[in-house]
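J.: One structure, pasted below without further comment.
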Amino acid sequence: MKKTLVAIAALASVSAFAQVTITGNLDFAGARVGGTANGQKGTTFSTTTGTGSTSAINIAAAEDLGGGMKATAFWGLDIRSLSNDGMGVTTVQGSATTDANGTTVTGINRHEAYIQLDSGIGTLKLGAPNSIGLGVQGDSSPLGTGIGSGFGGISSNTMANSVVQIRYNRAIRWDSPTINGVTASFQYAPGNDQAEVLASASTTNNSVLQIPNNRRANEVGLKYVNGPLTISAVQVMQAYQTNRTGWYAVDAAGSGTLGSLATRANLFAANYKFGNTQFYVGAGTGSANTSTTSLTSVNMSRWAIKHSIGALDIIPQYTRVKTTTAAGVTTLPTVTGLKLDYNMSKTTVAYLGYENFNTGSALATTGTTSGTRSITSVGLRKSF
């Protein structure tokens with residue numbers, strides 16, 4: 001249930017009403033992680049590994065401007081790091097980390113945050129809204145980005161999210177009015193024109209001038225909704241990045257030589273509801289970064305079903321991603337997922353989840369990221 005606070009401000013003889021709405025979701029799971037690949041192994045109770053949804057608190061303040069216009073301020077707080085796995089490693093789905101002793105480092109991180117303006121020509125968001133590609137990912141995945149979805153595997157360059165960004169920190173997004181079921185969307189993140197530089201050749205990582213988000217990105221999408229049918233597509237284009245790979249990332253030697261090549265990807269999703277059963281399909285092709293001189297081609301396909309029997313939802317999902325390096329080396333990572341949701345109410349869900357992630361590569365001698373990883377979880381989700 002939404003909890004609404006109404007703030008009333010008077011200006012002369014005119015009253016302006018701003019409605020502040022607080023919503024959220026909390027998802028805890030007890031998970032057992034195993035497999036042949038190194039990384040997370042063991043048992044945990046957390047809001048990260050093995051969960052079926054994102055835990056967050058959202059604050060929205062909306063105001064009617066008149067003339068068919070409305071302004072909204074949205075601020076999301078990602079609270080997953082308050083309950084990190086405590087397994088001594090960075091979490092797969094969460095953003096919290098641990099120190100050298102395995103002690104959990106907690107805090108509240110920012111989630112979506114933007115100013116939104118609704119008018120007759122569509123919806124404009126300025127700030128850090130979710131990406132168009134993330135929405136297309138959701139249209140092909142009833143598991144969202146949770147357990148069994150294949151979003152957030154051991155190596156992002158071998159999974160579907162290698163070409164899908166959750167959001168860009170400094171971006172503008174426009175969604176057109178829906179006409180005959182069709183909505184067009186455009187998103188632009190300008191990046192930064194200044195490359196990352198070193199004060200001197202001997203500068204250590206801690207004193208490197210770090211310029212974040214240097215990579216420019218564009219996303220263009222279309223979505224069609226007609227009754228039980230939903231079809232969506234997006235093209236994701238990311239420009240060459242001259243500074244070090246990632247946001248605020250530095251290379252071990254502090255040489256400042258790392259960067260990212262330009263990438264492009266096309267993603268397609270569709271789902272159709274027939275009675276108590278909903279069918280999902282997804283496909284994608286594109287490229288992902290592996291170094292400053294080469295790209296890995298990515299071809300993704302996904303199939304899923306959501307079948308409801310009373311209060312029980314049965315959701316099997318299978319994702320396959322074929323990757324091919326510039327040298328012609330091919331791997332076939334797969335994710336098999338199964339989730340059982342028992343809807344105790346409209347806002348409370350108990351679930352069982354299972355995920356098996358196979359990197360498609362034989363287990364290396366040192367046992368790093370190759371091999372398999374499995375997660376079995378029991379969780380409880382409460383939204384408000």
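The values are calculated or read from the model by the stated rules, or taken from the named source; none is laboratory data. Model, not experiment: these values are computed from the prediction. Glycine gets a Cβ as well: all are built from the backbone with ideal geometry, and neighbour counts include every protein chain shown.
J.: Hey, among Leu338, Leu363, which residue is of a type in the set (A, V, I, L, M) and either buried (at least 21 other Cβ atoms within 10 Å of the Cβ) or modelled with pLDDT under 95 (or both)?
T.: One residue alone meets the criteria, Leu363.
J.: Within region 166-192, work out how many residues are of a type in the set (Val, Ile, Thr) and assigned to a strand (DSSP E or B).
T.: Of the residues in region 166-192, the ones of a type in the set (Val, Ile, Thr) are 166, 172, 178-179, 182-183.
Remaining after also requiring assigned to a strand (DSSP E or B): 172, 179, 182-183.
Matching residues across region 166-192 total 4.
J.: A further question follows. For Glu112, only one of the following conditions fails: (1) assigned to a strand (DSSP E or B); (2) at pLDDT 95 or above. What is its number?
T.: Going through (1) assigned to a strand (DSSP E or B); (2) at pLDDT 95 or above one by one, Glu112 breaks only (2).
J.: Among the numbered criteria (1) surrounded by fewer than 20 Cβ atoms within 10 Å (Cβ to Cβ); (2) out of contact with any strand residue (DSSP E or B) (no Cβ under 7 Å at 6 or more places or on another chain); (3) at pLDDT 55 or above, which one does Asn161 miss?
T.: So Asn161 meets the others, but not (1).
For (1) modelled with pLDDT of 95 or more; (2) surrounded by fewer than 18 Cβ atoms within 10 Å (Cβ to Cβ); (3) not charged (D, E, K, R), each residue gets a yes or a no:
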{"position": "Gly286", "(1), (2), (3)": "no, no, yes"}
{"position": "Ser297", "(1), (2), (3)": "no, yes, yes"}
{"position": "Asp313", "(1), (2), (3)": "yes, no, no"}
{"position": "Val321", "(1), (2), (3)": "no, no, yes"}
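J.: Considering region 22-78 alone, what residues qualify as being buried (at least 17 other Cβ atoms within 10 Å of the Cβ), at negative phi and part of a loop (DSSP other than H, G, I, E, B)?
T.: Scanning region 22-78 gives Ala37, Asn38, Gln40, Thr47, Thr48, Thr49, Thr51, Gly52, Ser53, Thr54, Ser55.
J.: Report whether or not Val329 is aliphatic (A, V, I, L, M) and over 30 Å from Gly30 (Cα atoms).
T.: On the way: aliphatic (A, V, I, L, M): yes; over 30 Å from Gly30 (Cα atoms): yes.
Here the answer is yes, as Val329 does meet what is asked.
J.: Here is a further query. Might you check whether a residue that is of a type in the set (A, V, I, L, M) and modelled with pLDDT of 90 or more occurs anywhere in region 151-158? Steps first, please.
T.: Keep residues of region 151-158 that are of a type in the set (A, V, I, L, M), which gives 154.
Right, trim to modelled with pLDDT of 90 or more and you get none.
Scanning region 151-158, I find no residue that is of a type in the set (A, V, I, L, M) and modelled with pLDDT of 90 or more, so the answer is no.
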